[in-house]
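Notes to accompany the following structure.
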Amino acid sequence: MRASQFTFDPNRCTGCEACVVACWMEHRERQSRPWRAVHTFNAFGHPDLPVFHLSLACHHCESPACLEHCPAEAYTKDAATGAVTVHADRCMGCRYCTWACPHDAPKFDPGQGAIEKCTLCPERLAQGLEPACVARCPMEALGLAPLAADRPRAGVAGLPESATAPAIHIAPLRRPAPPALGQRPPASALGAFLPALLAVPHPKITLRGEWTLLLFTTVLGVLAAWLGAAQLGGPPLRPWAFLASGALVMGLSTAHLGRPARAWRALRHLRRSWLSREVAAVSAFLGLGALSGFAVPALGPAAALTGFLALFAVDRLYRVAFRTGPWNLHSAHTVFNGLYLLGLLAGISPLAWGLGLAKAGLYLHRKRHAAALSRPVRPWLALPRLGLGILAPLLLAASHPMAAAVCAVLGDLLDRGEFYGELEVPTPQLDLVAAMRRGIHEAGTS
Ligand code: SF4
Ligand code: SF4
Ligand code: SF4
């Protein structure tokens, strides 16, 4: 059997959704919600742009991001068929693969607390049959073909740019002439339905959904800074308080899982997954920190260093959902927060001032970036974030280091809260909205 790819011809697809129903009928015992979806471009029929449909599911990528990032090694790729399979019995429900996959293929089933997705119908392939969606498409718009190297990898609306090499070939659209409406509607008439046409889909990641991660990453930064400061003459570590906070950190991160009993699987993929590395580093940090506080003070420096390595791993995790340039530097980095706090608590003025000013600059840059992308800027948060989180701590550091630290943590909490609100993972829906914006801009009818 040779590795396969889906083929799709938008010139044939009528959007009937028979493929979605066929997939549901084939896998209804293990499908809590549809694995395949039909997306319509220009659903309201903007007269200058074509209307077409895309039937998409998992693309069984050649370099699957889901497989690379899953800490539990719940994904496998079959060398014979190319199918990428998620094994629900190995999934711990962290949902990180739903962030990592730019094609919105992994679906979280809250009932099972695990991920499910298109399987490429291996049982049917073994019998020489086509996948159910392909077999039931009345227009022969969907197909399955041997994997080809020459499929287009960029510039296809609905296929966000990524390094995953999706195994799908989408035929070029033979752009139909705009519908003959006689006189084109004036821009003022178009304006009435443009907001609906360009509505951005509900974000996948929200602060409300991820508040435990906000607390987890904040408390972790405070503990790393506190332990580090204790080594440098700052406030001494209180072992019981450290232990209680560490237990809180672990509890928060475990509560986030769909299947907390499988949390141990998080260490399965240290070789490639930053989530595995983060869990390993946090565990080592809390263990070493407690040991240094209760019994072996000489372990303090190693524990503090491990804490900052854990923060580095935390920041790496968010790269799939937040990009601000090649270095991806931003003011809500947990490493920056930890070092800033370390500078304040240990009385290292150059560190505190240097990072405080750098964080203020990066924060303002992030606001400018958000404004340029027409995203919410929330200027009313800038004053408390910069006043309470940067200015007050720097002025108070020499006389009241603890008060300065509390102000800094509150400011960083605000910043990180905003950061969670700005996280955005690419999806076909977002890519189609972006293509609509480009099309309307080029047509000059905005
Ligand atoms: S489409 Fe997403 S879930 Fe499917 S193989 Fe590619 S990265 Fe993995
Ligand atoms: S363990 Fe996490 S990343 Fe892996 S399949 Fe389950 S939800 Fe996705
Ligand atoms: S069954 Fe075929 S024509 Fe109908 S929506 Fe699916 S791909 Fe398109």
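Entry remark, segment 232-280: residues being in a helix (DSSP H, G or I), more than 10 Å from ligand 2 (Cβ to nearest atom) and not small (Gly, Ala, Ser) number 16 in total. Being in contact with a helix residue (DSSP H, G or I) (Cβ under 6 Å, 6 or more places away or on another chain) and part of a helix (DSSP H, G or I): is that true of Ala298 here? Judged against the criteria, Ala298 is not a match. Among the residues of segment 37-66, those that are within 18 Å of Ala171 (Cβ to Cβ), within 15 Å of ligand 1 (Cβ to nearest atom) and not hydroxyl-bearing (Ser, Thr, Tyr) comprise His39, Leu54, Leu56, Ala57, His59. The residue that is nearest to Leu56 (Cα to Cα), counting only those in segment 99-136 that are within 16 Å of ligand 1 (Cβ to nearest atom) and small (Gly, Ala, Ser), is Ala105.
For segment 227-259, the set of residues classified as of a type outside the set (A, V, I, L, M) and either free of Cβ contacts under 8 Å to residues at least 12 places away in the same chain or touching a Lys or Arg at 6+ places or on another chain (Cβ under 8 Å) (or both) consists of Pro236, Trp240, Gly251, Thr254, Gly258, listed by residue number. Check off (1) surrounded by 15 or more Cβ atoms within 10 Å (Cβ to Cβ); (2) out of contact with any helix residue (DSSP H, G or I) (no Cβ under 8 Å at 6 or more places or on another chain) for Leu144 and give me the number that stays unchecked. Among (1) surrounded by 15 or more Cβ atoms within 10 Å (Cβ to Cβ); (2) out of contact with any helix residue (DSSP H, G or I) (no Cβ under 8 Å at 6 or more places or on another chain), Leu144 violates only (2). Tell me yes or no: at least one residue of segment 344-361 is of a type in the set (Lys, Arg) and either touching a residue at least 40 places away in the same chain (Cβ under 8 Å) or surrounded by 19 or more Cβ atoms within 10 Å (Cβ to Cβ) (or both). Checking segment 344-361: at least one residue is of a type in the set (Lys, Arg) and either touching a residue at least 40 places away in the same chain (Cβ under 8 Å) or surrounded by 19 or more Cβ atoms within 10 Å (Cβ to Cβ) (or both). When the test is whether a residue is outside any loop (DSSP other than H, G, I, E, B), at pLDDT 70 or above, more than 30 Å from Leu309 (Cβ to Cβ) and outside the structural domain of Pro50 (by TED's automatic domain parsing), Pro195 passes it.
Across segment 369-410, the qualifying residues are those that are closer than 20 Å to Val200 by Cα and free of Cβ contacts under 8 Å to residues at least 24 places away in the same chain, and the one among them that is surrounded by the most Cβ atoms within 10 Å (Cβ to Cβ) is Val377. Within the set Leu317, Leu309, the sole residue that is closer than 24 Å to Leu267 by Cα and touching a His at 6+ places or on another chain (Cβ under 9 Å) turns out to be Leu317.
The values are calculated or read from the model by the stated rules, or taken from the named source; none is laboratory data. Quick caveat: nothing in here was measured; it's all calculated off a predicted structure. Neighbour counts run over all protein chains shown; Cβ positions are idealised from the backbone, glycine included.
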